[in-house]
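Below is one structure, written out as structure tokens, with a few remarks after it.
Please treat every number below as a calculation from the coordinates, not as lab data. All values reported here derive from a predicted model rather than from experimental measurement. Glycine also receives a Cβ, built like all others from the backbone with ideal geometry; neighbour counts cover every protein chain displayed.
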């Protein structure tokens, strides 16, 4: 099998591009912790979208959601499983949702690192509605939506941490 996990290869440029999208350029093919590696792609996108402004952040995050929904539908067919660990575009979305730049989140020192760990925490543990969505909502929408909700949980946690930090240090 080699160092990277493999996926069935359908011929053609379009299929190659779709595989690159749902594996986040092969990050989902890492043999250990592919979701963590996929989440890493969210960090440069976060910095790019923040630099472009609030409207671009929202537009970029929505673009990732809809692109990921479409690509995750294709991944389920290609990989013959729901929410396969090799399809990691959903982790990028979850991180971007975690990092939505609203007051009290961006004041945290190293907020982008806090966001990374908090999102991974909620994505792996899948408490309450996250786990229910993961189990019960099918297709590409379900793949993307559980990470969207995990991102909301992580964002709320960061928001509360930011409030505490602001009250204590600012």
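Things to note:
- Mean separation of Cα contacts under 8 Å (6+ apart) over length of the chain, as relative contact order %: 25
- Value at 222 nm in deg cm²/dmol, rounded to 500, when DSSP H runs of n ≥ 4 in the chain each add -39,500 (n - 2.57): -23500 deg cm²/dmol
- Helix axis angle, 139-169 relative to the chain longest principal axis, alpha carbon, degrees: 20
- The chain: angle of helix 54-79 to the longest principal axis, Cα-based, in degrees nearest 10: 30
- For the peptides 128-139, 154-165, residues were scored by their other Cβ atoms within 10 Å and the scores averaged per peptide; the highest-first order is 154-165, 128-139.
- Alpha-carbon centroid distance for the pair segment 44-91 / segment 114-144, whole angstrom: 14
- Helix 89-98 axis versus longest C-alpha principal axis of the chain: approximately 10°, rounded to the nearest ten.
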